[in-house]
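The values are calculated or read from the model by the stated rules, or taken from the named source; none is laboratory data. Just so you know, these numbers come straight off a predicted model, no measurement behind them. For neighbour counting, all protein chains shown are included, and Cβ atoms are generated from backbone atoms with ideal geometry for every residue, glycine included.
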Amino acid sequence: MTNIERTRRHIGMSSSCPVCGNGDETILHVLRDCLSARMVWSQLIPPHHSGSFLSSSLLDWLSSNSPVSGFTGEEFYWRHLFGIIILHLWKQRNNFVFKGQIWSTPAIIHSAWSWAKMIYTSHSSVHHQTHRVATNQRWCPPSTDLLKLNIDAVVNHATLDAAGGGVFRDNEGAWVVG
Ligand SMILES: [Zn+2]
């Protein structure tokens with residue numbers, strides 16, 4: 001909980017930012033306006049997002065940069081990177097408040113890039129796999145002394161929730177277990 005919320009609920013004495021001491025610690029301050037956050041964003045904001053990036057309201061800022069379906073390429077990459085960066089900045093703030101540690105700007109950026117790259121790669125491979133399955137839908141039975149295991153899985157790219165399952169069938173296609 002930010003210090004402005006803590007003082008509003010009478011469980012904190014100061015509403016100031018514990019990291020920079022420069023202004024009230026609101027959500028937007030932690031995620032965008034704090035000096036430590038600005039150092040990260042200043043190296044990442046794409047040119048087409050730079051106009052109102054540092055001046056919009058919290059809701060406008062989140063909605064115009066958050067991952068939603070329908071984006072591809074650089075915009076897909078940016079919106080996932082954005083979500084990962086704000087998670088890192090919130091964790092950095094808590095790390096400082098509760099452990100007295102602060103992550104360096106390069107460390108935050110490096111970690112966030114790695115996560116964004118992993119999401120982008122998994123998104124691309126799922127699309128590739130979907131295409132491959134769609135062009136090869138006929139089930140081929142195993143030989144008589146074998147069982148065949150078919151598996152499938154799905155990933156929600158917005159939440160990263162995943163689920164999978166499988167089924168064993170004999171050479172006549174009859175269900176055995178799964
Ligand atoms: Zn601050």
What is the one condition in (1) touching a Lys or Arg at 6+ places or on another chain (Cβ under 6 Å); (2) at pLDDT 90 or above that ASN94 does not satisfy?
(1)
Of LEU81, LEU54, which residue is within 13 Å of the chain's Cα centre (by Cα) and in the same structural domain as ALA37 (by TED's automatic domain parsing)?
LEU81
